[in-house]
Amino acid sequence: MPEYQTHEHDVLVIGAGGAGLRAAIEASAGGVSVGLVCKSLLGKAHTVMAEGGIAAALANVDDRDNWKVHFADTMRGGQYVNNWRMAELHAKEAPERVRELEAWGAVFDRTPDGRILQRNFGGHRYPRLAHVGDRTGLELIRTLQDHGIHQGIDVHMECTIVTLLKDGGRVVGAFGYERERGRFKLFRAKAIVLATGGIGRAYKITSNSWEYTGDGHTLAYDAGAELVDMEFVQFHPTGMIWPPSVRGILVTEAVRGEGGVLRNSEGRRFMFDEIPENYRTQTADNEEEGWRYTQGDKSARRPPELLTRDHVSRCIMREVKAGRGSPHGGVFLDIAWIKARIPNGAEHIKKKLPSMYHQFKQLADLDITQEPMEIGPTTHYIMGGVKVDADTQMSSVPGLFAAGECAAGINGANRLGGNSLSDIIVFGKRAGEFAARFAKTAPSAAVDARQIDEAARTALEPFERGTGGEGPYQVQYALQEMMQDLVGIVRTESEMQRALEGLGPLRARANRAGVGGHREYNPGWHAALDLHSLLTVSEAIARSAIERRESRGGHFRDDYPNKDASFGMFNIIVRKGREGRMEVSRAPIPEMPDELKRIIEEMK
Amino acid sequence: MATATFRIWRGDAQGGKFQDYQTGVSEGMVVLDAVHQIQADQANDLAVRWNCKAGKCGSCSAEVNGDPRLMCMTRLNQLDLAQPVRIEPMRAFPPIRDLVTDVLWNFGAKKSIRRFTPRPPDAPDGTWRMAQVDVERVQEFRKCIECFLCQDVCHVLREHRLFDEFIGPRHLVYAAALEMHPLDTENRARDLKRTHGVGYCNITKCCTNVCPEGITITDNAIIPLKERVIDQLYDPVAKLFRMLRRSP
């Protein structure tokens with residue numbers, strides 16, 4: 001084995017968004033040495049893009065709220081295939097995690113009596129989202145970052161992990177490269193926390209940046225861990241669609257929370273046309289009531305624009321398919337209309353939605369205080385991920401933990417807006433805490449030199465093929481097109497089978513990918529190395545989606561358009577089989593304790 | 001499709017030169033789109049940092065036709081495409097490769113600022129009470145996306161290279177956010193004067209002019225910090241008092 005730059009930590013956290021930072025802070029507080037690997041610079045992770053807020057039943061705005069309501073809302077939103085224990089822990093612990101952010105310097109918007117303000121959001125019964133205008137994610141990551149830099153954590157910026165190292169059954173380290181010089185790095189660790197976020201780059205229209213290639217999902221899968229719920233991908237209903245270069249960029253749900261409405265080309269509020277049965281009693285049946293809800297009237301029910309994201313996305317697709325879409329293939333989202341209801345409305349919009357105002361003004365030459373926005377669904381989030389123990393966040397591989405988007409369970413078939421920022425701090429903390437505990441009792445272990453040399457050799461192959469090989473970006477684009485067309489918002493068996501057949505040739509092309517130049521900060525090389533993860537998660541999504549022959553949450557099958565109760569009894573698991581083939585199986589959902597069942601009944 | 005020429009600096013710490021690329025231009029494109037197209041089709045190894053592509057992460061800072069900008073928020077229709085569009089890395093920082101610079105110094109500078117230290121909680125449940133009007137001034141500073149364009153354009157750093165004596169506008173904004181935080185109890189005036197070099201700023205407002213978040217850096221953050229330093233450390237009566245107290 002050649003000499004690699006080697007780092008030794010008790011706990012290695014891979015990923016430095018909200019979940020990774022929170023895990024690193026907690027592990028460090030547990031008295032162990034911690035390393036934190038970021039794919040980009042510290043503080044640039046996708047958490048900054050979260051806009052609307054952090055869901056936590058603080059009950060500052062509506063004192064009827066409590067963890068039980070939040071729990072029931074999360075389970076209903078997830079169509080009851082969630083890991084109920086995670087949903088319970090999340091609802092119970094989120095308020096404490098939010099208050100802790102304030103103690104670390106976060107500056108949330110305030111209620112008139114000086115407490116943390118909370119806003120309405122899709123699927124949440126009461127105003128529940130602690131927020132800072134529409135840049136809550138930035139506030140969260142910056143608070144954790146500014147707190148974290150004083151905790152003695154070793155940060156490895158612009159570093160990508162390509163494989164986890166194992167000794168027998170457990171993980172003992174990770175191997176990757178740093179971008180600046182292109183040199184390999186070897187990390188020895190007693191426990192590893194994956195916090196790498198999502199898979200959005202597997203799709204063409206996405207709100208995700210280049211980083212979200214399913215790295216954590218794939219590292220875990222390759223290390224023998226189980227992935228669960230991979231068929232559940234969330235397509236956020238409101239992404240920008242025009243001009244083409246901004247297609248997919250997120251338009252926050254807070255626009256609807258503040259009174260924004262969806263209209264088709266005929267000017268009709270089509271969301272009133274179809275209200276799902278399990279939300280009927282909670283949804284306004286006229287426009288006036290919906291408006292009152294957004295303005296804080298506690299006796300009013302929510303407007304249908306604030307139904308869950310999966311449902312809103314499908315309604316938009318229905319309008320577009322029926323020929324009632326906007327000029328560029330979406331529908332209209334109108335916040336400007338509230339000027340008729342609120343004095344000084346334009347200023348009000350700018351104050352409540354500053355970054356949306358900014359984003360449309362600069363990128364689309366459109367003033368949202370004057371005109372409706374054109375929007376359409378965009379790939380946003382994956383509910384599926386590494387299967388973990390609810391309390392400890394450990395995967396099926398000893399010593400390997402996961403938290404945040406790359407872990408699964410809390411969200412079931414569909415995530416509620418605002419539950420991601422709370423998920424990452426609740427389970428980031430738990431992962432860090434239990435990883436530290438694991439590390440304290442774990443004996444040192446050897447890393448396998450052969451495994452490392454093999455990973456290094458594979459990583460350098462694109463240079464041997466040079467520019468004569470396949471262009472890595474072209475392979476990525478082809479995969480994104482295929483996933484968008486065949487395993488997107490509306491799915492059928494035959495199309496998904498075609499996607500599976502298409503993955504083989506794409507993998508062959510990825511194995512021929514070549515790049516020119518040298519190893520120092522070479523994005524083409526990085527793109528080539530990311531292809532393995534993208535292909536792995538794409539296959540996991542397609543296989544899981546074929547297996548679930550029903551429609552539920554983020555997973556909609558045109559050939560099985562209804563929910564099927566028998567499919568509500570299990571989750572779908574993928575794991576790497578003996579010969580390296582992906583195996584799909586069904587795992588029964590454990591029986592929920594009576595106490596939790598009662599809560600769900602009471603909240604119906 | 002119309003095309004335009006992009007004159008991109010290619011090189012590293014040893015030096016480099018501008019190279020011209022032609023690429024197609026369509027409606028609504030931003031400079032970062034053009035760079036990505038060139039990277040995908042003509043120069044796979046063209047180095048550039050980016051993440052969110054929506055002006056929220058502050059990764060894609062560069063100099064476009066000489067102006068410090070976020071490439072993702074610079075529309076091509078704001079530029080004269082009859083001429084080559086010149087794109088180069090931030091010049092205040094050492095080049096790593098092509099459009100990527102070494103901004104690590106910023107992370108150290110931030111760490112040197114005394115951390116947030118809140119007063120004891122106001123309520124028995126461990127929470128605080130703050131009025132919206134009192135947090136708004138800090139919220140302005142907390143909009144910062146750490147793109148470091150203000151650092152790039154600040155002549156104290158860019159021309160005079162006083163990286164060891166001056167933390168730059170970004171971190172003065174950060175210090176101001178802490179100093180003006182309604183809960184904070186720490187005093188950073190002495191650090192600001194001695195090690196953070198707030199006195200070097202001569203209020204040319206270049207930083208305010210380039211801030212993509214529209215933070216009024218000079219007027220709202222730096223000048224109040226200068227005032228704090230003067231009030232606490234240059235008041236002649238207070239100075240005399242300190243001298244007397246120190247004398248045996």
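The values are calculated or read from the model by the stated rules, or taken from the named source; none is laboratory data. Quantities reported herein were computed from a predicted structural model and do not represent experimental measurements. Cβ placement follows ideal geometry from the backbone for every residue including glycine, while neighbour counts extend to all protein chains displayed. What goes into the accessible areas is simple: the full protein's heavy atoms, side chains included, and nothing from ligands, DNA or RNA. Shrake-Rupley method; radii C 1.70, N 1.55, O 1.52, S 1.80 Å.
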Strands (runs of 3 or more DSSP E) wholly inside region A:144-213 that include at least 2 residues being under 22 Å from the mean Cα position of the chain (by Cα) and either away from chain B (no Cβ under 13 Å) or within 30 Å of B:S112 (Cα to Cα) (or both): A:159-167, A:184-194
Residues (touching a Lys or Arg at 6+ places or on another chain (Cβ under 9 Å), open to solvent by less than 80 Å² (accessible area, probe 1.4 Å) and farther than 29 Å from A:A223 by Cα) located in region A:554-580: A:F556, A:R557, A:D559, A:D564
Every residue from region B:28-64 that is without any contact (Cβ under 8 Å) to a residue 40 or more places away in the chain, more than 23 Å from A:W525 (Cβ to Cβ) and within 8 Å of chain A (Cβ to nearest Cβ): B:A54
Candidate set: region B:103-135, residues that are open to solvent by 70 Å² or more (accessible area, probe 1.4 Å), in contact with an Asp or Glu (Cβ under 9 Å, 6 or more places away or on another chain) and within 7 Å of another protein chain (Cβ to nearest Cβ); chosen: the one farthest from B:C211 (Cα to Cα): B:R129
Qualifying residue in region A:78-95 (condition: open to solvent by 30 Å² or more (accessible area, probe 1.4 Å), more than 14 Å from chain B (Cβ to nearest Cβ), in contact with a strand residue (DSSP E or B) (Cβ under 9 Å, 6 or more places away or on another chain) and among the basic types (K, R)): no
Residues of region A:391-403 classified as surrounded by fewer than 24 Cβ atoms within 10 Å (Cβ to Cβ) and in contact with an Asp or Glu (Cβ under 8 Å, 6 or more places away or on another chain), total: 1
Test: residue in region A:487-494 that is in a helix (DSSP H, G or I), at pLDDT 95 or above and either farther than 29 Å from B:D41 by Cβ or among the basic types (K, R) (or both): yes
Flag for A:E583 being at pLDDT 95 or above, open to solvent by 80 Å² or more (accessible area, probe 1.4 Å) and part of a helix (DSSP H, G or I): no
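Checking the condition at pLDDT below 95 and either touching a Lys or Arg at 6+ places or on another chain (Cβ under 9 Å) or among the β-branched types (V, I, T) (or both), which residue from B:D45, B:D20, B:D12 passes?
Working: B:D20 fails: at pLDDT below 95; B:D12 fails: at pLDDT below 95.
Within the list B:D45, B:D20, B:D12, the selection yields B:D45.
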Residues satisfying the stated conditions in region A:326-375, i.e. more than 11 Å from chain B (Cβ to nearest Cβ), touching a helix residue (DSSP H, G or I) at 6+ places or on another chain (Cβ under 9 Å) and open to solvent by 60 Å² or more (accessible area, probe 1.4 Å): A:K339, A:R341, A:K350, A:K352, A:Q370, A:E371
Residue within region A:306-320 that is over 26 Å from the mean Cα position of the chain (by Cα), away from chain B (no Cβ under 14 Å), surrounded by fewer than 21 Cβ atoms within 10 Å (Cβ to Cβ) and of a type in the set (K, R) present: no
Residue within region B:80-90 that is within 11 Å of chain A (Cβ to nearest Cβ) and out of contact with any helix residue (DSSP H, G or I) (no Cβ under 8 Å at 6 or more places or on another chain) present: no
Single condition B:V210 does not satisfy, out of (1) free of Cβ contacts under 8 Å to residues at least 24 places away in the same chain; (2) touching a strand residue (DSSP E or B) at 6+ places or on another chain (Cβ under 9 Å): (1)
Scope region B:136-192; condition free of Cβ contacts under 8 Å to residues at least 12 places away in the same chain and either at positive phi or within 14 Å of chain A (Cβ to nearest Cβ) (or both); matching residues: B:E136, B:Q139, B:R161
Pairs with Cβ under 9 Å, 6+ apart, first in region A:518-530 and in contact (Cβ under 8 Å) with a residue 24 or more places away in the chain and facing chain B (nearest Cβ under 7 Å), second of a type in the set (F, W, Y) and open to solvent by less than 40 Å² (accessible area, probe 1.4 Å): A:G524/A:Y473
Complete set of residues in region A:58-69 that are buried (at least 19 other Cβ atoms within 10 Å of the Cβ) and more than 19 Å from A:G114 (Cβ to Cβ): A:W67, A:K68, A:V69
Scan of region A:443-452 for residues that are at pLDDT below 95 and buried (at least 18 other Cβ atoms within 10 Å of the Cβ), ordered by number: A:A445, A:V447
Yes/no for A:E470 being touching a strand residue (DSSP E or B) at 6+ places or on another chain (Cβ under 6 Å), within 14 Å of chain B (Cβ to nearest Cβ), surrounded by fewer than 24 Cβ atoms within 10 Å (Cβ to Cβ) and over 23 Å from A:R201 (Cα atoms): no
B:H181 vs. criteria more than 17 Å from the chain's Cα centre (by Cα), within 20 Å of A:R142 (Cα to Cα) and at pLDDT 95 or above: yes
Pairs where the first residue, in region A:562-580, is of a type in the set (S, T, Y) and the second is at pLDDT 95 or above, C-beta under 9 Å, 6+ apart: A:S566/A:E550
Residue within region A:260-267 that is touching a Phe, Trp or Tyr at 6+ places or on another chain (Cβ under 6 Å) and in the same structural domain as A:E305 (by TED's automatic domain parsing) present: yes
All positions within region A:23-57 that are open to solvent by 20 Å² or more (accessible area, probe 1.4 Å), within 14 Å of chain B (Cβ to nearest Cβ) and charged (D, E, K, R): A:K39
Enumeration of residues in region A:100-127 that are open to solvent by less than 30 Å² (accessible area, probe 1.4 Å), charged (D, E, K, R) and either at pLDDT 95 or above or assigned to a loop (DSSP other than H, G, I, E, B) (or both): A:E102, A:D109, A:R110
Which listed residue, of A:G200, A:G214, A:G173, is surrounded by 24 or more Cβ atoms within 10 Å (Cβ to Cβ) and either assigned by TED's automatic domain parsing to the domain that holds A:V487 or closer than 18 Å to A:A431 by Cα (or both): A:G173
Which numbered condition A:Y279 fails, given (1) within 26 Å of the chain's Cα centre (by Cα); (2) under 26 Å from A:D367 (Cβ atoms); (3) of a type outside the set (G, A, S): (2)
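Scan region A:244-254 and give yes if some residue there is modelled with pLDDT of 95 or more, surrounded by fewer than 24 Cβ atoms within 10 Å (Cβ to Cβ) and either of a type in the set (S, T, Y) or not in a loop (DSSP other than H, G, I, E, B) (or both), otherwise no. Talk me through it step by step, then tell me what you get.
First, pick out the residues of region A:244-254 that are modelled with pLDDT of 95 or more: none.
Among the residues of region A:244-254, not one is modelled with pLDDT of 95 or more, surrounded by fewer than 24 Cβ atoms within 10 Å (Cβ to Cβ) and either of a type in the set (S, T, Y) or not in a loop (DSSP other than H, G, I, E, B) (or both), which makes the answer no.
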Count of region A:499-535 residues which are within 20 Å of B:P95 (Cα to Cα) and open to solvent by 20 Å² or more (accessible area, probe 1.4 Å): 4
